[in-house]
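Working notes, beginning with the structure itself.
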Amino acid sequence: MPHGQTWVNFWDNKEYKGGQTITVDAPLDYMPIFIKKDSIIPTRDVQQYTGEKPLTNLILNTYLDNKANYSFYEDDGKTLDHNNGKYNVTNFDVKQAGNEIEFSQDKVKQNYNSSLQQYTLKLNNVNNPSKVEAANEKYTSVQSMDAMNNTNRSYFYDTNSKTLYVHIPVDENHNVKIHQ
């Protein structure tokens, strides 16, 4: 593992300090993947081919130690309209200070009509929050992923994997604060 970083096994969230050699099983159906802490890996719902479903939920799979950021670029993916400025760029920042994690978005350029409706902030290896809020509006704690996906401004904590999922509307105008 490269020195000076902490690395996380994508499949089981086990952490490894850099500067060491490790050996892991690699059966045919399991590709070893290690993520550097303070990274955001964007994902989306599975689709069988490009363009099968519109992107309505961007999942921000976050491995946080102190601060992580990511710039999301979006255009129609079909034409050259991006050459005429028809695209969006949104910067995401997630930072931890003490017992608080803060999510912010900065819509740098918004000239493309996106189908994106929500972000799912997925925080790996965190504690169950006491509350999640944006300004004075509290997010609702729910008991399942299905309930979260059907409830605006909500969150779900998976106690088995120590993973927090926060359902954030694209039009959220305030930073989202997660109190642990």
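The values are calculated or read from the model by the stated rules, or taken from the named source; none is laboratory data. Since we're looking at a predicted model, the values are computed, not measured. Counting neighbours? That spans all protein chains shown, and the Cβs are built from the backbone with ideal geometry, glycine included.
Inside the range 54-93, residues that are in a loop (DSSP other than H, G, I, E, B) and exposed (fewer than 13 other Cβ atoms within 10 Å of the Cβ) make up a count of 7. Determine if the range 11-26 includes at least one residue that is part of a loop (DSSP other than H, G, I, E, B) and of a type in the set (F, W, Y). For the range 11-26, residues part of a loop (DSSP other than H, G, I, E, B) and of a type in the set (F, W, Y): present. Hey, does the range 83-106 have a residue that's in contact with a His (Cβ under 8 Å, 6 or more places away or on another chain) and assigned by TED's automatic domain parsing to the domain that holds H174? Checked the range 83-106: at least one residue is in contact with a His (Cβ under 8 Å, 6 or more places away or on another chain) and assigned by TED's automatic domain parsing to the domain that holds H174. Being surrounded by 13 or more Cβ atoms within 10 Å (Cβ to Cβ) and either modelled with pLDDT under 95 or under 22 Å from R44 (Cα atoms) (or both) is a property that holds for V142. Taking residues in the range 134-148 that are touching a residue at least 24 places away in the same chain (Cβ under 8 Å) and assigned by TED's automatic domain parsing to the domain that holds N173, and partners anywhere that are in a loop (DSSP other than H, G, I, E, B) and of a type in the set (K, R), the pairs with Cβ atoms closer than 6 Å and at least 6 places apart or on different chains are Y139/R153. Residues that are outside the structural domain of P2 (by TED's automatic domain parsing), among the β-branched types (V, I, T) and over 21 Å from H167 (Cβ atoms) are absent from the range 52-66 altogether. Return the residues of the range 34-55 that are at pLDDT 95 or above and among the β-branched types (V, I, T); say none if nothing qualifies. Listed by number, the residues that qualify are I35, I40, I41, T43. crowded, with 18+ Cβ neighbours inside 10 Å and on the phi < 0 side of the Ramachandran plot: does that describe T151? For T151, the condition - crowded, with 18+ Cβ neighbours inside 10 Å and on the phi < 0 side of the Ramachandran plot - is not met. Residues of the range 32-51 that are surrounded by 14 or more Cβ atoms within 10 Å (Cβ to Cβ), of a type in the set (V, I, T) and either without any contact (Cβ under 8 Å) to a residue 24 or more places away in the chain or in contact with a Ser or Thr (Cβ under 7 Å, 6 or more places away or on another chain) (or both): I40, I41. The listed residues are V132, V166, and the only one of them that is assigned to a strand (DSSP E or B), at pLDDT 95 or above and more than 18 Å from T43 (Cβ to Cβ) turns out to be V132.
Taking every residue in the range 106-133 that is on the phi > 0 side of the Ramachandran plot and pairing it with any residue that is assigned to a loop (DSSP other than H, G, I, E, B), at least 6 positions away or on another chain, the pairs with Cβ-Cβ distances below 6 Å are N125/N13; N125/K162.
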